[in-house]
Every structure is written in structure tokens, then in C-alpha cells.
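The values are calculated or read from the model by the stated rules, or taken from the named source; none is laboratory data. Since we're looking at a predicted model, the values are computed, not measured. Ideal geometry is used to build each Cβ from the backbone, glycine not excepted, and the neighbour counts take in all protein chains shown.
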Amino acid sequence: MSLSQLRKQAEQILQRAGVDMSTPTGYSKKIAVLLEHGGQYGLTPIAKRPDGELSRILGPGRLMMKQIRVELLIISVPPAKHLRKDPEVLGASAKRLLDRVGLNPNIFRRSYPRRIAQLLRIGAVYGLDALENATDNQIQEVFGLGVFTERQREIKIVQFLANPPATPKPSVSDHELSQFLAENMPASKPQERQPMETRAKNHRHAKTPKEQISAANYGWQEKALRVWLKNDRHGVIEAATGSGKTRVGIRIASEFVSQGGCVLIVTPTRDLVEQWITEAEDAGVKVRADSGAEELLKSGAPGIGVATYARAGTEKFLSAAKAGKRIPQLLVADEAHHLGSDVQGKNILSHAWQASLGLTATLERSDGAVEMINNKIGGVVYRYTVKRAIQDGVLAPFHYVTLGVDLEAEIRDEYEAIDARVRSWAAKLLGQSGASGMPKNFMKFAQEQKKLGVFAASMYVSYWNKRRNLVASSHAKLLALQKVKLETTEVQLLSFAETEPAAQAAAETLSIAPNFVVEFISGTLSKSKRKQLLEEFRTSRIAGLIGPKLLDEGINLPEADLGIVLAKSSSSVQLIQRLGRVLRRKKSRRNAVFLTLFARGTYEDPYTKVRSEDKDLRLQEVIEASIEGYPIKLTDSPSDIRALRKLLTR
């Protein structure tokens, strides 16, 4: 059948399904799906279906594109009747499969029998051989994490059995991994500085974890779930950004509801509320938001609601939660490190939740809120590091690069004056507080003392912020980036700044219209404008986004392969979150580059004896997770700029 005939048949099917041709977006997507499917399987079996079924599958507002593809596959691919087996054989096979994904019948008492019955029903027609021969990762993707409704799970299983994917190469063994690290990681002492041209050449052909490790392994999520259950359904799961924390939350919430409970998911921003709704819908899970979540809690009926901290922490909302306490209630706190830092967060924690789950990249804070989180939610029960996520193939391998520049002369003089004030007030703060020694995290110590009304603490924090803003205003870093000529590297970049003026200046400096456009993005922009910029970045119509703290968390970002930090991060939370933004798994085989710019001889400089009072506590852990295992140290010299370009273009 020719393409024109196939298209005509697809149009007739959509007309019968009630799709309005005057809505170009939805119509064009569904035409594309039908043409793609028809080219492989034909559209005749679908055309023979009654109008009601076509409307259910292809009608407006019914199924998502992913679900439509699977439904079409079920219609077009006949069952493999020759794979039918004896019920006892199928039962044993089903139990083995559920055991491989960590579904313990003693823990999941209600869902386990339903899973067994479902596998028996499908296996009677298709057989379960393809699943038995699949890898653990493939089984997890089919009916383990992230798929909860019976219909959605059945679609996944049938799709797999009807058209099983090729088995990937086996994952690297512990011995092979140890051997790789021994060959590629540096000795305990720092290596002598080599010319950057030589180092770039040495690293070009080094095997990376990405080349040795198979498809992403989300088995850590099942382990985290089991640990949380063993901890009496309380505690914080700390996992690297981009490793799938939301999927864990949806899984736990769904299991809790299946046992007759009610779940409230709270997030610090409205963008994250919408992200949870989207990911839940992708998994076939119904979520009620805002006033719907409030009504759900008040009704005392099983279900999942989601709201921002600001809304969930109101007296009206929490009164509704108290009214519905006749059934168990679970609190899921996204970005849990924010809880306890304001009135609304403290109000949420004050409610008597029967179960609680915190999700965060790192629970560390620069104030005393962690103690409250530990007392109300529970401490960290499971931790999934950046290094482990890269080894498992969940995150992409990356190069950790630092690039040092010199401050302009006029800024350097002002910096020295402010820095002297910072040091002076730090000494006075130690004297006034009566501290016996130097605190491990001086900024955290200063902020705690400021809350107690210590004048020296207030002055220290004030001058520290002035020093940070002064360094952020320097144009030396942007001039160094201009030398790299990013517009010729085909990178997709995310850049992180401390202030909006710094982000706007960077966007203007790096943009080379019309082929390399870098846009400023911030929470001050309208929701529609932010959505437009993200879509343009996702489709590569713009080359990059630069913003202040909005990019640290709060929005679901498309994949990028270059992360640029324009100013020193003030906490390990920011560091890990920013890194995770560029380490999400990519379709291309290009390794990510995480580039930190710093002003030499200042508090930003990691290679001098200048004390950094708010030193990132997990910086060394992040560096060790990189491909080299140590930072690639660059300056703005011509040879080092060439070396950076090589990293970005290969």
C-alpha cells in the first residue's frame, strides 16, 4: 500500500473515532502514530474495529500517545497460541518473575495475588517465555516500577510478549568495574599537572562507564522501597537528581492506596505539582490536585492528592486532613530539604501522619531544619549517590572541569576590602558566640547565630552576600566562555547563576543570533513563557537556558550535555541538583561536561589556601564520580580553551 493510500485509511479511522481535523496538534500526532504503525503492521485490522473502540483508543482526551501505540499493537499482533503452557508451569513462572522484581507476597499482600492472576491470564494466551528470558532491567520496565493500574500493566506485558526487545549486553561485573577504576582513577596523591593538550589526548580513547554498562538499572528503587517499609514506613530517600525519585514516590503512594490509605504529595513549587501529575498520568495513576486534594483528604477515601507546601500548610487544608483521619494517611514530601524552613512546612510536619516519605537529592541544609525533618519524617533510610547512578547506567558519565579567571583590577580592589570585612566579622562572631573551635560549616553556624540575634552573625552574612554578588558581577568568566566559541560545538547547555542580573548578562553575551540563541529563564517570567522556552530548548530551536535558582529545582528540564556554573554554589544541595540536570540519560553517546567557573584567588578558588567558609560538603564525592576521577583544571589560556573545545566537540 502506498503512503497516500495509507494516509487516506488513517484519516478515515480518525474520522470514525471522532477526532476533529481542525485541531492540528492532536490530529497531526495521531496521524503520525497511525502512519508509523501502518507502515509496519498495516491498518486493516484497526479499520475493522467498531467505531466505539476506535473512539476509546483514538478519541480526543482519551489515551496518551504511548498508550495509543500499545493499543494499536494489541489489535494488530495476533496472540502466539503455540506458547500456551500448563497452568502449574505458568504459576511457577509468574512467581519467579515477581520475585525478580522484588515483590514479596508477605509485604504486598493485596497486590501480589492480582499480579499473579494477571500473569496467568496473559500467559495462557501468549506464554511467559519472553519475560523469563529477559533481563531484570527489562522486567522492571515492563511491570515493576512506575506502572500501577491493571490496564496499563497488561498493555506493557502484552506489548513485550508480542514484540520482545533484543537482550542487551550483560552489565559489567564487580571485578571488571574494579579493574576499570584501577586503570583509570588517579592515585591517592594528586597527579602532576600535565599540559592540557596531552591530557585531552589521553582521555579521548579512555573507556567510560557508559561504554561498559548496559541499559539503566532502576533496581535501586525497589531496594529503597523495601528499606522504607522495614523502617515502619517512615524516612527519607536521598537520591541523585535525575535518578527517578518521583517514580519511587508514585510507586509507594500507589501501593499505600491499594491497601486502603490516602496519600498527600507536597512540593515547594507549582511547576513540581504539574510534574507529579504528568508522571503519575504516564504511569496510569490518577492524582487530584489543589482543592481536589483537600476534598480527597476530607472525604477519608483512598486516593492520591498533590499540592504545594504553601497550600497544604494552611489551617483549612490541614483541618480537612484531620477530618479524614479515619483511614491511614501518608505524606510524601518532594524536595524534603525545604520542609521546616517556613511556617507552612512546619504546619505540614505537625500533622499526625501514619506514614511519611521524604524525597531529596541531599538533606543537608544551612539552617537547623534538618533536625525537625528527622524527628517528623525520619532520617535518611536509603542513599543513592551520583557515582552509583552512573555505574548503574541511570545517569550519564561526565567530565568535571574547572576554569579559573582573574577578576578585573577595579573589582579585585573592592573584593579585597569586602573580604577583609568578612574575615573580621567571622572572628568577632567566634568570640561573641563562645564557640570552642572552628565550626565545620561556618555559614550554617552563622545563620543559626543570626536567628538568635547575634549582631556579628548578621554582619557576617551581610558582607558574605556582598562579596558573592561582587564576584558574580565580573565579566571575566563570560569573556572566557566567548573564547570557547560555544556556537560551533552543537552543545545544548544549561547555565546556573546566583542572581537574575548575572543570568541576563550571560544570556546576552553567549547568544549569537540566529543559530545559537541562549535564553534567560526565571520564575518571574509567566508560566506560558517558561513553557515556551522549555519546549524550544527540548526541540533544539534554542541552544541553551540560563537562570538563577529556578533551574536548580522546580521544573522538569529537557536533556542537556553541558552544565555551566557561573558562580560558586552555596550548598551541596545546589551542587548535586545542578549536576543532575546535565547527567540525565541521553539519546546520543556524548558524555556530559560539568563546567565550574571561578575567580582565582577568591573564596571561589578551590585550589588555593583561601578559606571557603561555606565549602560544599560533597564536592569530593561528585568529583570522584567523574570519568577522570579528579577535576580537569583549566585557565582561560589559548591552549586550555582548545582543550575544552575538544571535550565539547567529541
Is there a residue being modelled with pLDDT of 80 or more, under 24 Å from Pro268 (Cβ atoms) and in a strand (DSSP E or B) anywhere in the stretch 526-546?
yes
Considering Ala435, Ala472, which residue is modelled with pLDDT under 85 and surrounded by fewer than 17 Cβ atoms within 10 Å (Cβ to Cβ)?
Ala435
Give me a count of the residues in the stretch 453-491 that are among the β-branched types (Val, Ile, Thr) and in a helix (DSSP H, G or I).
4
Residue list for the stretch 488-544, filter: surrounded by 14 or more Cβ atoms within 10 Å (Cβ to Cβ) and of a type in the set (Ser, Thr, Tyr):
Thr489, Ser495, Thr499, Thr509, Ser511, Ser522
List, please: which pairs have Cβ atoms under 7 Å, are six or more places apart or on different chains, and start with a residue in the stretch 19-44 that is among the hydroxyl-bearing types (Ser, Thr, Tyr) and end with one that is outside any loop (DSSP other than H, G, I, E, B) and modelled with pLDDT under 80?
Tyr41/Ser76
Boolean, Val273 is surrounded by 20 or more Cβ atoms within 10 Å (Cβ to Cβ) and within 20 Å of Gly303 (Cα to Cα)
yes
Determine whether the stretch 404-416 contains at least one residue that is farther than 30 Å from Ile641 by Cα and either surrounded by fewer than 16 Cβ atoms within 10 Å (Cβ to Cβ) or not assigned by TED's automatic domain parsing to the domain that holds Pro501 (or both).
no
Tally time: how many residues in the stretch 104-128 are at pLDDT below 75, among the β-branched types (Val, Ile, Thr) and either closer than 20 Å to Ile157 by Cα or not in a loop (DSSP other than H, G, I, E, B) (or both)?
1
The conditions are (1) modelled with pLDDT under 85; (2) surrounded by 15 or more Cβ atoms within 10 Å (Cβ to Cβ); (3) within 35 Å of the chain's Cα centre (by Cα), and Lys451 fails exactly one of them. Which is it?
(2)
So which residues in the stretch 276-302 are touching a residue at least 24 places away in the same chain (Cβ under 8 Å) and touching a strand residue (DSSP E or B) at 6+ places or on another chain (Cβ under 8 Å), if there are any at all?
Trp276, Ile277, Ala280, Val285, Ala293, Glu294, Glu295, Leu296, Leu297, Gly300, Ala301, Pro302
Go through the stretch 502-525 and give me each residue that's outside any helix (DSSP H, G or I) and either among the hydroxyl-bearing types (Ser, Thr, Tyr) or within 23 Å of the chain's Cα centre (by Cα) (or both).
Ser511, Val518, Glu519, Phe520, Ile521, Ser522, Gly523, Thr524, Leu525
Every pair of residues 6+ apart whose Cβ atoms lie under 7 Å, when the first sits in the stretch 508-524 and is within 23 Å of Asp271 (Cβ to Cβ) while the second is assigned to a strand (DSSP E or B) and not hydrophobic (A, V, I, L, M, F, W, C)
Val518/Gly544; Phe520/Gly547; Ile521/Gly547; Ser522/Gly547
Restricted to the stretch 476-525, and to residues that are hydroxyl-bearing (Ser, Thr, Tyr) and at pLDDT below 85, which residue is nearest to Glu559 (Cα to Cα)?
Thr489
Filter result (modelled with pLDDT of 80 or more and in contact with a helix residue (DSSP H, G or I) (Cβ under 9 Å, 6 or more places away or on another chain)) within the stretch 607-625
Glu624, Ala625
Would you kindly identify the strands (runs of 3 or more DSSP E) lying entirely within the stretch 291-395 that contain at least 1 residues that are hydroxyl-bearing (Ser, Thr, Tyr), more than 26 Å from Glu255 (Cβ to Cβ) and in contact with a helix residue (DSSP H, G or I) (Cβ under 9 Å, 6 or more places away or on another chain)?
none
Answer yes if at least one residue in the stretch 237-249 is in a strand (DSSP E or B), touching a strand residue (DSSP E or B) at 6+ places or on another chain (Cβ under 7 Å), more than 15 Å from Gln221 (Cβ to Cβ) and modelled with pLDDT of 90 or more, and no otherwise.
no
